[in-house]
1. Dividing the Cα radius of gyration by the Kirkwood radius, what Rg/Rh value follows for the stretch 1-101?
2. Which residue, E102, E71, E49, has the most motion in a Gaussian network model of the chain that connects Cα atoms within less than 10 Å?
3. What does the charge count around T15 come to, taking other residues whose C-beta lies under 11 Å from its C-beta (Lys +1, Arg +1, Asp -1, Glu -1)?
4. In whole Å, largest first, what are the principal axis extents of the Cα atoms in the stretch 49-121?
5. Tell me which aspartates and glutamates have Cα within less than 12 Å of K14's Cα, excluding those fewer than 8 residues away on the same chain?
6. Find the accessible area per residue for the chain; the probe is 1.4 Å, ligands and nucleic acids are left out, and the unit is Å².
7. I'd like the Karplus ³J(HN,Hα) series for the stretch 74-89: coefficients 6.51, -1.76, 1.60, θ = phi - 60°, whole numbers in Hz, and an x wherever there's a Gly or Pro.
8. Mind jotting down the three principal axis lengths of the stretch 61-197 based on Cα atoms? Whole angstrom, largest first.
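The values are calculated or read from the model by the stated rules, or taken from the named source; none is laboratory data. Only a predicted model underlies this, so the values are computations on that prediction, with no experimental measurement involved. Cβ placement follows ideal geometry from the backbone for every residue including glycine, while neighbour counts extend to all protein chains displayed. The accessibility values were calculated without ligands, DNA or RNA, using every heavy atom of the protein model including side chains. Shrake-Rupley method; radii C 1.70, N 1.55, O 1.52, S 1.80 Å.
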Amino acid sequence: CRFLIARWSRQCGKTIFAEIMLIEYLCKNGTYNAYISPTFSQGKKVFAELVQLLEPSGVIKKANAADLKIESIYGSTLKFFSMESPTAIRGNTISGILVMDEAAFFPTQLPSGEDPYYNVIFPIIKARKPKVLVISTPNGRQGMYYDLYLKAYNHTPYYRQITATIYDDDLISKDEIEDLKRGYPPLAWQQEFEVEF
């Protein structure tokens, strides 16, 4: 598939999975990759984690914390963007992988009135047809993430989805799950941990 839509429970490794995929593409020759998060702070966190992981291995040729950009010894680049500043995304051409993390929390409309996916994100993946990983916990039946999930759910060519609820998480016992569930409002539990829209 070209578009993988991951619908995963809270705190079950979504961002770690994204980091693994980004490392793979940084280790390929000459790819241009991007990570888009809802906020700058989330992007900075992932940038710092990747630099900490990769610096000892010698994979990083250059890491610029001001620009949130990593260049690898293989000639690949990873640039971090945020939906807090969507105009910075324009003009890039992704050739390796685009990761959209916590995509259900991207705005449904930009301040300019534009659609964030069709007016800003889709143009950067149109020409080179990179892999696209869209990861989130659901946030209602609206927005880009929900629309992309429906494409995968309806078996649109090149779109696939994977789902992981809290019951698929090996880091928590069944008893702990039941204890946690008792403290949650039912609708919040269904969305956050059973990943229902």
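1. Looking at the stretch 1-101, the ratio lands at 0.94.
2. Comparing E102, E71, E49 in the GNM, the peak value goes to E49.
3. Net charge in that neighbourhood comes out at -2.
4. Its Cα atoms span 43, 21, 21 Å along the three principal axes.
5. Those aspartates and glutamates meeting the cut-off are D101, E102, D169.
6. Per residue, the chain has an accessible area of 51 Å².
7. With coefficients 6.51, -1.76 and 1.60, one gets 8, x, 9, 10, 10, 10, 9, 10, 9, 6, 6, 9, x, 5, 5, 6 Hz.
8. 48, 36, 31
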